[in-house]
1. Taking Cα pairs under 8 Å and at least six residues apart, what relative contact order does the chain come out at, in percent?
2. Note down the net charge around V25, summing +1 for each Lys or Arg and -1 for each Asp or Glu among other residues with Cβ under 10 Å from its Cβ.
3. R136 to D30: extension gain in nm, 0.36 nm per residue of separation minus the Cα-Cα distance?
4. Subtracting the Cα-Cα distance from 0.36 nm times the residue separation, let me have the gained length for T62 to R3 in nm, one decimal.
5. Kindly provide log₁₀ I(q)/I(0) values, in the same order as q = 0.11, 0.20, 0.25 Å⁻¹, from the Debye equation applied to equal alpha-carbon scatterers of the range 3-77.
6. Which of these, P121, P20, P105, has the largest mean-square fluctuation under a Gaussian network model of the chain (Cα springs below 10 Å)?
7. Multiply the residue separation of V39 and A82 by 0.36 nm, subtract the distance between their alpha-carbon atoms, and state the gained length in nm to one decimal.
8. Give me the Kirkwood hydrodynamic radius of the range 87-163, using the inverse of the mean 1/r over all pairs of distinct Cα atoms, in Å to one decimal.
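Please treat every number below as a calculation from the coordinates, not as lab data. All values derive from a computational prediction rather than experimental measurement. Positions of Cβ are generated from backbone atoms using ideal geometry, with glycine treated the same way; all protein chains shown enter the neighbour counts.
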Amino acid sequence: MKRSISVTVNGAKWTGDVEPRTLLVYFLRDTLGLTGTHVGCDTSSCGACTVLLDGQSVKSCTLLAVQADGESVTTIEGIGDAEHLHPVQTAFWEEHGLQCGYCTPGMIVSACDLLQRNPDPSEAEIREALSGNLCRCTGYQNIVKAVQHAAAAMRAPKMERERVGAPAD
């Protein structure tokens, strides 16, 4: 028996029926076609499925879609787009914070959550915030540098943010 839910995803409201056992990650990918959220382990160990639920990072492989009923979800597709990258996306590009890219959406979403809560994190705080996201390619150093770069860019005056390609306020 399906259950009716209403959820806002990347600013767009969606209402419909889902199987009660459908994981949020599969709802996003299969029902809404938002494939930027990756399925890595289905056990919450890798962080590839990280999204923002009402502004807080969560692993969407551990939540049911029905648990998001009435909530707001932001996926990597809602963080920025090709024409207006979020400062974290720009920093990952500029600091070479990715290789194969499989973990990148989850890393970026987690970094956005961190920088929303702490605009000037230390290296240790960045590493702690990203500790639930596994990367098998990079060794993490450039990912940490990317988050530091993004933090500085986001603290910069509006004019500087526009110069580096961040969306204007």
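1. Details: 314 pairs, mean separation 38.5, N = 169.
The value is 23 percent.
2. With Lys, Arg at +1 and Asp, Glu at -1, the neighbours total 0.
3. Working: separation 106, 0.36 × 106 = 38.16 nm, distance 2.58 nm.
Additional length available on full extension: 35.6 nm.
4. On the way: separation 59, 0.36 × 59 = 21.24 nm, distance 1.84 nm.
Taking 0.36 nm per residue and subtracting the Cα distance, the gain is 19.4 nm.
5. -0.21, -0.74, -1.20
6. P20
7. Numbers: separation 43, 0.36 × 43 = 15.48 nm, distance 2.25 nm.
Result: 13.2 nm gained on full extension.
8. Working: mean 1/r = 0.0818 Å⁻¹.
Mean inverse Cα-Cα distance, inverted, gives 12.2 Å.
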